[in-house]
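Notes follow the structure.
The values are calculated or read from the model by the stated rules, or taken from the named source; none is laboratory data. Quick caveat: nothing in here was measured; it's all calculated off a predicted structure. Note that we place each Cβ from the backbone using ideal geometry, even for glycine, and neighbour counts take in every protein chain shown.
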Amino acid sequence: MDRRDFLKSLLTMAALAPVSQLAAKAGADGDKSSDIPEGLQVTRRQYKNTAQTVPLLGFGCMRLPRVSPDDPKIDFPTVEKMVERAMKAGCNYFDTAYMYHGGESEKCMGRALKKYPRDSFYLTDKMPVWFAKSAADVERIFKEQLQRCQVDYFDFYLVHSLNAANWRQAKKFKVYEFLSKMKKEGKIRRLGFSFHDTPEVFKEIIHSQQWDFAQIQLNYLDWELYRSKEQYEIATQAGVPLVIMEPLRGGALASLSPDATAILKQAAPDASAASWAFRYVASLPNVLCVLSGMSLPEHLEDNIKTFSPLKPLTEPERDTLNAALLAYRKKLTVPCTACRYCMPCPVGVEIPRIFGIYNQYKVSGNKWQFNSHYNGIPEDSRADSCVNCGRCMKQCPQKIKIPDMLKQIAQEVK
């Protein structure tokens with residue numbers, strides 16, 4: 001974004017500022033902020049020209065707290081407390097999906113939200129077209145999701161992770177037509193799609209149907225690297241509001257390299273690296289909601305602080321962030337966001353775990369820590385166990401050449 005565009009975004013933000021103050025009074029057109037308690041409240045954005053407002057901070061449910069690093073089970077008591085804290089702060093947008101936590105995320109959120117009035121929160125879910133072998137499967141999955149989440153309708157619903165291949169599958173099984181029918185029946189309030197491909201494919205999809213919103217990957221690293229800027233501009237020109245995923249790029253932008261972190265700390269000693277990333281994304285006027293996969297209560301608290309209220313980045317702050325980005329990119333390694341779409345590996349390689357350990361090593365330079373963590377992976381699940389089948393690459397949203405990277409890491413380990 002150049003200087004002129006950024007100044008324009010600030011003017012738009014100024015125009016939207018009263019939304020956070022009026023949110024408690026708006027009750028029409030599906031708004032769910034009227035019963036939010038007084039106190040520290042996250043900024044809200046208005047949905048198009050309606051009275052509906054959505055919290056600018058959304059609760060992503062792909063990386064929920066776990067019982068322990070070695071136990072994949074969701075820590076429900078912690079989730080329950082975090083949901084309660086989020087609701088009190090007006091962060092009442094919850095985003096789950098069919099395969100998150102092996103299908104347990106939907107069940108967990110259904111259970112956690114059951115005690116709240118249905119009209120007090122937004123629940124978002126997604127249709128994974130690659131799980132469907134027929135049109136009948138699409139209907140079966142949708143009904144299963146309603147049952148798992150213990151609800152009669154979804155406030156926001158997406159065709160999940162569209163790329164060129166998944167879009168062909170969606171058209172083959174007439175997914176949009178089925179979901180439009182569900183919308184007419186009141187089982188979906190707003191229909192959109194999430195996306196992982198090139199701007200060219202994004203443009204084709206967004207103009208193919210009447211979408212209420214879209215969800216894209218956007219952060220200050222991917223603005224140019226992942227061509228997120230082009231996707232943002234296409235959606236804005238089409239009048240389609242955006243929900244943003246991966247604002248921290250799988251947590252990578254929350255723990256930058258030491259030299260990049262030092263640049264941000266010098267400018268704002270009390271601000272976290274994550275807050276800079278969130279403010280960058282949320283300063284864009286066509287962003288309706290920014291999702292954060294909050295694994296710990298302290299993540300939630302820091303995010304609430306950042307968004308209550310949101311303070312758009314100033315031009316000097318953007319210069320600071322650009323300087324930190326330049327320092328960080330020198331250390332950039334594998335662009336993995338730990339989404340786990342590549343899993344399970346047919347031969348058991350722990351792909352996201354390996355990439356996470358490797359990236360941390362490249363940023364910190366701590367060989368002892370790398371060896372310790374890497375050796376903690378079972379021997380038959382390490383990088384050198386990859387058989388180069390390529391199955392993982394078909395599902396990777398980041399288009400990472402996973403077998404090649406695993407081979408490189410295995411060589412470095414030796």
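General observations
- Within the span defined as the stretch 342-350, one or more residues are free of Cβ contacts under 8 Å to residues at least 60 places away in the same chain and either outside any loop (DSSP other than H, G, I, E, B) or out of contact with any helix residue (DSSP H, G or I) (no Cβ under 8 Å at 6 or more places or on another chain) (or both).
- Whichever residue in the stretch 338-361 is closer than 15 Å to Pro378 by Cβ and of a type in the set (D, E, K, R) and, among such residues, is modelled with the highest pLDDT: Glu350
- Check on Leu406, outside any loop (DSSP other than H, G, I, E, B), surrounded by fewer than 20 Cβ atoms within 10 Å (Cβ to Cβ) and over 21 Å from the mean Cα position of the chain (by Cα): no
- Subset of the stretch 86-123 that is assigned to a strand (DSSP E or B) and in contact with a Lys or Arg (Cβ under 9 Å, 6 or more places away or on another chain) - its residue that is nearest to Val159 (Cα to Cα): Asp95
- Here Lys399, Lys394 are screened, and the one residue that is part of a loop (DSSP other than H, G, I, E, B), among the basic types (Lys, Arg), closer than 26 Å to Pro199 by Cα and outside the structural domain of Leu253 (by TED's automatic domain parsing) is Lys399.
- Residue match in the stretch 197-217 (condition: in the same structural domain as Asn286 (by TED's automatic domain parsing), touching a residue at least 60 places away in the same chain (Cβ under 8 Å), out of contact with any strand residue (DSSP E or B) (no Cβ under 9 Å at 6 or more places or on another chain) and outside any loop (DSSP other than H, G, I, E, B)): no
- Count - residues of the stretch 297-326 that are at pLDDT below 95 and over 18 Å from Leu264 (Cβ atoms): 0
- Filter result for Pro335 (assigned to a loop (DSSP other than H, G, I, E, B), closer than 26 Å to Ser194 by Cα and modelled with pLDDT under 90): yes
- Of the residues making up the stretch 353-373, those that are surrounded by fewer than 18 Cβ atoms within 10 Å (Cβ to Cβ) and not basic (Lys, Arg) are Gln360, Ser364, Gly365, Asn366, Trp368, Gln369, Asn371, Ser372, His373.
- Options Leu321, Leu310: the member that is closer than 22 Å to Glu224 by Cβ and assigned by TED's automatic domain parsing to the domain that holds Phe59: Leu321
- All of Arg140, Arg168, Arg111, Arg148 fail the test of being modelled with pLDDT of 95 or more, out of contact with any strand residue (DSSP E or B) (no Cβ under 7 Å at 6 or more places or on another chain) and under 30 Å from Leu225 (Cα atoms), apart from Arg168.
- Within the stretch 77-92, the residues that satisfy the criterion of being surrounded by fewer than 17 Cβ atoms within 10 Å (Cβ to Cβ), of a type outside the set (Asp, Glu) and in contact (Cβ under 8 Å) with a residue 12 or more places away in the chain are Thr78, Lys81, Arg85, Lys88.
- Total residues in the stretch 221-247, condition surrounded by 21 or more Cβ atoms within 10 Å (Cβ to Cβ) and not aromatic (Phe, Trp, Tyr): 12
- Number of positions in the stretch 133-162 that are in a loop (DSSP other than H, G, I, E, B) and within 22 Å of Cys61 (Cα to Cα): 4
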